[in-house]
1. Once a ≥ b ≥ c are taken as the square roots of the eigenvalues of the Cα gyration tensor of the range 119-160, is the result rounded (a/c under 1.5), prolate (a/b larger than b/c) or oblate (a/b not larger than b/c)?
2. Contour minus end-to-end for N62 and T134, with contour as 0.36 nm per residue of separation and end-to-end as the Cα-Cα distance?
3. Does the range 84-180 come out rounded, prolate or oblate by the C-alpha gyration tensor, with a ≥ b ≥ c the root eigenvalues, rounded set by a/c under 1.5 and, if not, prolate when a/b is larger than b/c and oblate if not?
4. As an exercise, find the ratio Rg/Rh for the range 19-159 from alpha-carbon atoms, using the Kirkwood inverse-distance average for Rh.
5. Find out how many positive minus negative residues lie around S121, taking Lys and Arg as positive, Asp and Glu as negative, among other residues whose Cβ is under 15 Å from that of S121.
6. Note the listed values (i) 34, 21, 20; (ii) 54, 22, 18; (iii) 43, 20, 16, then indicate which one is semi-axes √(5λ) of the Cα gyration tensor in Å calculated from this particular structure.
7. Nearest 500 deg cm²/dmol is fine: what mean residue ellipticity at 222 nm does the chain get from its DSSP H runs of n ≥ 4 alone, each adding -39,500 (n - 2.57), divided by its residue count?
8. Of the candidates V167, V279, V201, which one comes out as most mobile in a Gaussian network treatment of the chain with C-alpha springs shorter than 10 Å?
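The values are calculated or read from the model by the stated rules, or taken from the named source; none is laboratory data. Since the structure is predicted, the reported quantities are computational estimates derived from the model, not experimental observations. Cβ placement follows ideal geometry from the backbone for every residue including glycine, while neighbour counts extend to all protein chains displayed. Surface areas here come from the heavy atoms of the whole protein model, side chains and all, with no ligands, DNA or RNA. Shrake-Rupley method; radii C 1.70, N 1.55, O 1.52, S 1.80 Å.
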Amino acid sequence: MPVATAAAVRKQIQAGETDPIYLLQGEDDIEKAGLAHEFEELVEEGLRAFNVERIHTGDITNGDKLAAAVASLVTAVRTLPMMAPRRIVIVLQAQALLVPPKRESEVATRALEELEELLNSPDPQTTLVLVAGTLDKRSRMYKLLSRQATMVECGVLESLDDAARWVANRVTAAQMKIEPAGARLLAERCGTDVKRLRNDVDRLLLYALGQKTISAEDVREIAGPAALQDDWAMTNAIEAGDGRTALRQLALMLDAGAAPEQILGQLGWLVRTKFPLQVPAMLRPAVQALFRTDLDLKRSAGEPRVLLERLVVELCARGAGRPLQGGGARRF
């Protein structure tokens, strides 16, 4: 079965078209719990008491407990849905179910065989969601799941929507609320960097201690500058002749701590590799602008940000095939 992102699984849930078995993995317990909870939306709220079942398997320490847990799981999965198209069975701490006890017994062996039979023949009217910690990928059970289940790595953020949802889930887990605009703003500031998001959420929770809700204004007080989402966004904008976007991306790079020399090197790469093919007539003046900026930076002839902004504006015009008239900055 394929490996899916949490975002892709959410789209399946919204469409009501889920796979028979899911394995939610990863170190982000809050994300796993939040995604598992979203599967309940497949069942109307008034019918969830009959068609949504949660099974906790964290206390399995011997063969007898494993056999009892497997029997409960098989019964839950094979039970027909009541007045609903499907049942949802969520197994929490599933690693205890999927990893056999250290001292295997005949009872444990039979239980694992029953579990394998269930995984090999899932019920078409039940969605089974296994929420697990780290599993040994060399194990027999993991290899079976990799064939039969949709594997979901939680804690991997692909978009700002994912990041905003991650923020909201973290705040909710801390018994607080955050305004949607605040969650979105923090996502825009931090991007999909989980480490930075976690740090800023922790700071927000401390800052808003005693409040019921975290506002967008609280986020503005605590969060740092916006995160750079694409290391090559500036050069892409220059190629398109989009001066405003290029300058904004330059500011993000500088605010993120990029060295002026590093940025100049990236601009040099752009001129060397792209200009000869796209705007050969502009190559010579672009190279001259690069050398002039390099010299100005080395002799501290101006504020590095201003020097680089002037260069970016000039390259935007030259990259679009438009020679500057009387100085670059006035064109933007």
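1. On the way: a/c = 2.53, a/b = 1.28, b/c = 1.97.
It comes out oblate by the Cα gyration axes.
2. Details: separation 72, 0.36 × 72 = 25.92 nm, distance 1.98 nm.
Difference between extended and current length: 23.9 nm.
3. Details: a/c = 2.32, a/b = 1.88, b/c = 1.23.
Prolate.
4. Numbers: Rg = 14.7 Å, Rh = 15.4 Å.
For the range 19-159, the value is 0.96.
5. Working: positive: R78, R147; negative: D19, E113, E114, E116, E117, D123.
Net local charge, S121 excluded: -4.
6. (ii)
7. Values: 17 runs with 184 residues, N = 332.
Helix contribution divided over all residues of the chain: -16500 deg cm²/dmol.
8. Fluctuation is largest for V279.
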